[in-house]
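Values in this text are rule-based calculations from the coordinates and carry no lab data. Keep in mind it's a predicted model, so treat the numbers as computed, not measured. Here the Cβ positions follow ideal geometry from the backbone for every residue, glycine too, while neighbour counts run over all protein chains shown.
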Amino acid sequence: MSFTFLKPQIYTAPSDQFRKQMARYQVAPPHRVLDTCYNFTGLPGFEMMYIPDGPFSIGCLAFAAMPEEFPFSVIGNMAQQTVEVVYDVRGGKVGFIKGSC
């Protein structure tokens, strides 16, 4: 599994939004650099989640803040294979089209 690493100033907005969307789940401690982890005991896994310990006990969003000294971001995940990424630079949006590649 590969992870997406974003510069901290870019990472803050999606991670804050993800935390809001996950408010109904129990928060779990961070796992290494992954700080958006939740307790999914008894629940199915998700494509963009990293499950470090056993079958779906704790899951973390596979995004992390990139160290400040790195001049770039890394977008990557096995779930993105055969997915076309569409960038709307003027609109400030990114879209994903599954199975188009």
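Highest mean packing comes first when the peptides 12-19, 84-91, 29-36 are listed by Cβ atoms within 10 Å, giving 29-36, 12-19, 84-91.
Evaluating 6.51 cos²θ - 1.76 cosθ + 1.60 at θ = phi - 60° for every residue in region 24-40, the Karplus couplings come out as 7, 9, 6, 5, 10, x, x, 10, 6, 8, 8, 10, 10, 10, 9, 8, 10 Hz, glycine and proline recorded as x.
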